[in-house]
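This is the structure, below, for whatever I ask next.
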Amino acid sequence: MPLTKLVFKPGVNRDQTNYAGEGGWWESNKIRFLSGFPQKLGGWAKASLSPYLGVCRSLFNWLPAAGYNFLALGTSSKIYVESGTALHDITPIRTTFTTPTTDNCFTTNLTFPTTVTVTINAHGANNGDYVVFIGSTAVGGVPAASLNDVQFLVSNATANTFTITVDTAATSVATGGGAGITAYFYIHSGLDTSASGVGWGAPPWGGFGTTPTTGWGIPSATPVSAPVRLIYFASRYDVTTDKTDLLFNIRSGPIYYWVTDTSFTVVPSAGYNNAVLMSSKVGANSVPDQVGQILYDPQSGILMAFGATTYGGGVTTYDPLLVRWASQSDYLDWNPASSELSTAGFLKLQTGSTILRAIPNLDETLVFTERSISSVKFIGGTDVFNQTLISSSISLIGPNAVTARNNVLYWMGTDKFFAYNGRVETLPCTLRQHVFENINWTQSEQFFAASNERFFEIWWFYCSANSPTIDKYVIYNHSEGPEGVWYYGDCTNGMVRTAWSDSPLRQYPQGVSGDDNYLYNHEYGTDAGELPMTSYIISNNFDLEPDGDKFMLVRRLIPDVSFTGSASGTTPSVDFTLYPRNFPGAAYMTSNEEGQDFSRTVTQSSGSTVTVEQYTNQVFVRARARQMGISIESSGVLGVNWQLGAPRLDMREDGKRG
C-alpha cells in the first residue's frame, strides 16, 4: 500500500487524553514550532565573565550615554550594572564604620581556622548581608589580602559581632587587624524564596497568665509572610550631564538613585559612586519611604509610585493601593503643596487589596491588583491622572507573571492565562490542566513572564508543586494558527532562569541562571552552554489505519529532518522512536517479536559538510500494532540543530487478531 505521511497539528495538548488528541503532539521539552513544524530550541552561552551574588529577579536594559549599553541586575543581595560582560556592584551602602569602632576588630581561632569573628558594636547587619573591609592588616596568619576588598557574607550575627569566612586558614589565635580599618555594610539582603507560617510568639517562654495564648514556643495565631525580594528599575535622562541615570526600588522599600558613571567608581574606591537613597539627594521633598514599584508614565514622563507611604502630616503608613507621583517638572518633589506649580499628587485604586504590578503601555499605565486591572492615565489639569476600571474579574498569580509585547499584555492568572489588547481576553490554552494542577502556589512571587519576540513567543517560568525553585516553563506562540499554540518543558540542562530581558537594544534575549548565577545570551548557537542540549517531542497516539480496527505491520520509516543551523564540522543526528501499542490503556511495546528495538538514529550524509535538506535514508523496523506514537530527540551531541518535516511510514494490513 502507499506510504503514509505523518503531519501533526502544531502545539502540544495535555488537556485531552493521548488517544483523543490524535494528530497532535503530547509531550515536549526544549522545542518550539516554526511554520507549523517542531524544531529544537535555540541554545545559550555565558554573557558575563563572573557570577553575581544572590538570586536575580530583575533585568533592565538602557543606554546611559553615547557609546554605552548597560544592563541592570537586581538580585536578592545586590544591584549590578553589566557593561561589556563585566558586572559592577553599585549596591547602596547602608552604613560605614571606621576607627576607633573598627580597631583590631578581627579575631581568629584554630577550631575553625577559616572563620573570623568580627566585633563592631551596633553594626546592624543581618545574616546574609554583605560587608567589605579596607585598611586591614594581617592577623593570626590571615594575610591582609584575604581581608581587604572581599565581599564577605555575614553569618552568626549578634548585636555587636558576626563571623566571616576567609580564603586563608589562621595559624594562631589572635585579635588584631590594625587601627585603619573601614567597614562598608551594604543594604540588607532579601529572601531567595518566599517563606510563610504562623511564627512564634514574642512574650517569654510559656507566655503570660495561667492559660497563655502567646509566648516563646507557642505558635502565633497571626500568619506571617516573608516575600521574595523583587527590584523594579526605571531610567531618567539628566539634561545637565547628557546621561541617563538609573532609579530602582526594592518592593515595599525605598527608592534609590544611581548617577551614571561609565568608569564605575564603586566601593571600596575613594569617592565611590554607589547608588544612594533618592530621599537623600539635594532638593528631595516628601519622597515616599516605601513604594511597591516605580515607573515613568509613558505619556507625561512623570515619575510614579504604585503602592506607597501616605502623604501628609505625622506618621506615614504604607498603603498598598495608593498611587503617588512626583511633580512633572521635578522628579524629587513629591509634595503637592510645595508650590503653586507643583503637579505632585496621589490617588487610590478602588478595587482589590494590593497593587501587584504596573505596566506602561502606549499612553496609559495598566495596574494590577490580585483581582482587577485598571488604567491610570495622564489627563493634565489639577487632577493630573485619572483611573478607569477595566476588569474586576481577572487574577494575576505573581507580580512578575505579566509582560507586554507590541502593545499587548500577557499574564498568568491563578487558573488561566490572559491577554489585554484594548479588552481583556482569556487565552485558549491546551496545557491549562498540565500547568495549574502541578504548581507551587507558595512560591508564586518567583514566577515570571518573558518575551522572545524573534519567535513570537511569550514564556512563563514557574515552580512545579514539589519544587521550591523554578523548574518548569510553558510557552505561548501567538503567531502559529488562529489562536496561537502552546508547548512546554523543564529547566534541566542548566536552563533554570529567574529573570529575563528581551530588549531591542541588544542582539540576543538574555536570561539569568538559577543554576550558576551567570548572565546568558539566548538563541545563541545550539547547545546548553558548554553541554549538549536534550530536546525532544512525542506525538499523540494515532491509528495506523482509519478506524483502528485492524493490525498494521510497519516495515519502514522514511524520515524528513532538516539539520540547518547545525555547527560546521559536526555530524548531527537525531533519534526517531516508534511507540506501538494495541489499546489506549496498554503499555507501549519497546521491541518486536525478534527483539528489535524501535529506536533509530538518523544522521546527516556521512562526510558531508554542507546543509542537506532532503534525505534518502530509510530505516527498517518490524512493528505490529493498531496505534502508534512517534518521537524525535537529540541529546549527547554538541552542535546539533534540527527541524522535523513530514516523515512517512511504510506499512500493510496484518489482520484483526492480536
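When the Karplus curve 6.51 cos²θ - 1.76 cosθ + 1.60 is applied with θ = phi - 60°, which whole-Hz ³J(HN,Hα) does each residue of segment 14-26 get, with x for Gly and Pro?
In residue order, the calculated couplings are 10, 9, 10, 6, 4, 6, 5, x, 3, x, x, 10, 10 Hz.
Another question about this same structure. Could you give each residue of segment 383-393 its phi-based ³J(HN,Hα) in whole Hz, using Karplus coefficients 6.51, -1.76, 1.60 with θ = phi - 60°, and x for Gly or Pro?
My calculation for segment 383-393 gives 7, 6, 10, 10, 10, 9, 6, 8, 7, 10, 10 Hz in order.
Then there's this: For segment 279-329 and segment 28-75, what is the separation of their C-alpha centers, rounded to whole Å?
31
Please give me the summed charge of the neighbours of SER513: other residues whose Cβ is under 10 Å from its Cβ, Lys and Arg +1, Asp and Glu -1.
0
Ignoring ligands and nucleic acids, what accessible area does GLU364 show with a 1.4 Å probe (Å², nearest 10)?
It works out to around 30 Å².
Mean shadow of the chain, computed from the convex hull of its alpha carbons, in nm²?
Quarter of the Cα hull surface area: 39.0 nm².
For the chain, give the magnitude of the charge dipole about the Cα centre (Cβ charges: +1 Lys/Arg, -1 Asp/Glu; no others), in debye to the nearest 20.
Approximately 840 debye in magnitude.
Over segment 448-502, what portion of Cα pair distances is larger than 17 Å, expressed as a whole percent?
When every Cα pair of segment 448-502 is considered, 38 percent fall beyond 17 Å.
Given H placed on each backbone N at 1.01 Å, which residues far from ALA344 in sequence or on other chains put an amide H within less than 5 Å of it?
Those qualifying (amide H under 5 Å, at least 5 residues apart or on another chain) are SER327, GLN328.
Along the charge dipole of segment 60-184, pointing to its positive end and built from +1/-1 on Cβ of Lys, Arg, Asp and Glu, which listed residue (ASN127, GLY141, THR75) has its Cα farthest out?
It is ASN127, whose Cα lies furthest towards the positive end.
How fast does segment 2-83 diffuse by Stokes-Einstein, in µm²/s, taking the Kirkwood radius from C-alpha pairs at 10 °C and 1.306 mPa s?
92
Another question about this same structure. If amide H atoms are built 1.01 Å from N in the plane of the peptide, which residues on other chains or at least 5 residues away come under 5 Å of the amide H of SER194?
Long-range HN contacts for SER194: VAL228.
Moving to a separate point now. For the chain, what does the accessible surface come to per residue with a 1.4 Å probe? Please give it in Å².
42
Could you list which residues have their amide H under 5 Å from that of THR414, counting only those 5 or more apart in sequence or on another chain, with H placed in the peptide plane?
The answer is SER395, LEU396, ILE397.
Now a separate question. In square nanometres and to one decimal, what's the mean projected area of the convex hull around the Cα atoms of segment 400-505?
6.9
Could you give log10 I(q)/I(0) at q = 0.21, 0.22, 0.24 Å⁻¹ for segment 285-382, computed by the Debye formula over C-alpha point scatterers of equal weight, without solvent?
-1.06, -1.15, -1.33
Still on this structure: From the backbone phi of segment 56-69, what are the Karplus-calculated ³J(HN,Hα) couplings (6.51 cos²θ - 1.76 cosθ + 1.60, θ = phi - 60°) in whole Hz, Gly and Pro given as x?
Each residue's phi maps through the Karplus curve to give 7, 10, 9, 10, 8, 9, 8, 9, x, 7, 4, x, 10, 9 Hz.
Counting Lys and Arg as +1 and Asp and Glu as -1, each charge on the Cβ, what is the dipole of segment 1-82 about the Cα centre in debye, to the nearest 20?
For this selection, approximately 120 debye.
Follow-up question, since we're still on this one. Treating cross-link reach as a plain straight distance, find the lysines whose alpha-carbon is under 22 Å from the alpha-carbon of LYS550, omitting any fewer than eight places away in the same chain.
LYS5, LYS656
Let me ask you something else. Report the accessible area of ARG622, computed with a 1.4 Å probe over the heavy atoms of all protein chains in place, in Å² rounded to the nearest 10.
Around 110 Å² of this residue is reachable by solvent.
Ignoring everything but the protein chains, give the 1.4 Å probe accessible area of THR260 in square angstrom, nearest 10.
10
Also: Checking the cross-link filter: which lysines have an alpha carbon closer than 17 Å to that of LYS348, excluding same-chain neighbours under 8 positions apart?
Correct list for LYS348: LYS377.
Within the accessible area of the chain, what % is carbon and sulfur when the probe is 1.4 Å and the other protein chains stay in place?
52
Out of THR388, VAL376, ALA404, whose Cα points farthest toward the positive end of the dipole of segment 303-416 (charges: +1 Lys, Arg; -1 Asp, Glu; placed on Cβ)?
Of THR388, VAL376, ALA404, it is ALA404.
If you don't mind, another one. Which one, PRO288, ALA169, PRO584, is farthest towards the positive end of the dipole of the chain when Lys and Arg carry +1 and Asp and Glu -1 on their Cβ?
PRO584
Is it possible to state the helix-based mean residue ellipticity at 222 nm for the chain, with each DSSP H run of 4+ residues giving -39500 (n - 2.57), the sum divided by total residues, to the nearest 500 deg cm²/dmol? What is it?
Helix contribution divided over all residues of the chain: 0 deg cm²/dmol.
The values are calculated or read from the model by the stated rules, or taken from the named source; none is laboratory data. Given the structure is predicted, the values throughout are model-derived calculations rather than measurements. Please note: Cβ atoms are built from the backbone with ideal geometry, for glycine as well, and neighbour counts cover all protein chains shown. Only protein heavy atoms, including side chains, enter the accessible area calculation; ligands, DNA and RNA are left aside. Shrake-Rupley method; radii C 1.70, N 1.55, O 1.52, S 1.80 Å.
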